[in-house]
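Trainee: This is the structure, below, for whatever I ask next.
The values are calculated or read from the model by the stated rules, or taken from the named source; none is laboratory data. Just so it is clear, the structure is predicted and the values come from calculations on it, not from any experiment. These accessible areas exclude ligands, DNA and RNA; they are computed on the full protein's heavy atoms, side chains included. Shrake-Rupley method; radii C 1.70, N 1.55, O 1.52, S 1.80 Å.
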Amino acid sequence: MELTFDREKNRQERLAFVRRHALWVRRVPNEVWSRQQADLIDSFLENARNYALSRARYLEMHRALASRRSEPMHESGARSRRAGSSPSPAG
């Protein structure tokens, strides 16, 4: 089964959403949309506090990924494996 993705259709749908939302923000009193925005941001912050991954662990993972991305590529397009790293399940 092949999934197709129409980039232009997706782009048009996103633009239509942004336009509808902008119209809504203009029509609704500031107190209403401001409160909704604050509730959304508060829920993001609450979710982050409850997330099991610590800031230190996230940064460690981010650095590891960044260093992997900077490794030279082989002619095959695969990255070189470091000593001690295990091969991927597919390879």
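Trainee: Go through the stretch 61-91 and report how many residues are modelled with pLDDT of 70 or more, open to solvent by 100 Å² or more (accessible area, probe 1.4 Å) and over 18 Å from the mean Cα position of the chain (by Cα).
Mentor: Residues meeting the conditions: 1.
Trainee: Tell me which residues, restricted to the stretch 35-53, are of a type in the set (Gly, Ala, Ser) and open to solvent by 100 Å² or more (accessible area, probe 1.4 Å).
Mentor: Ala52
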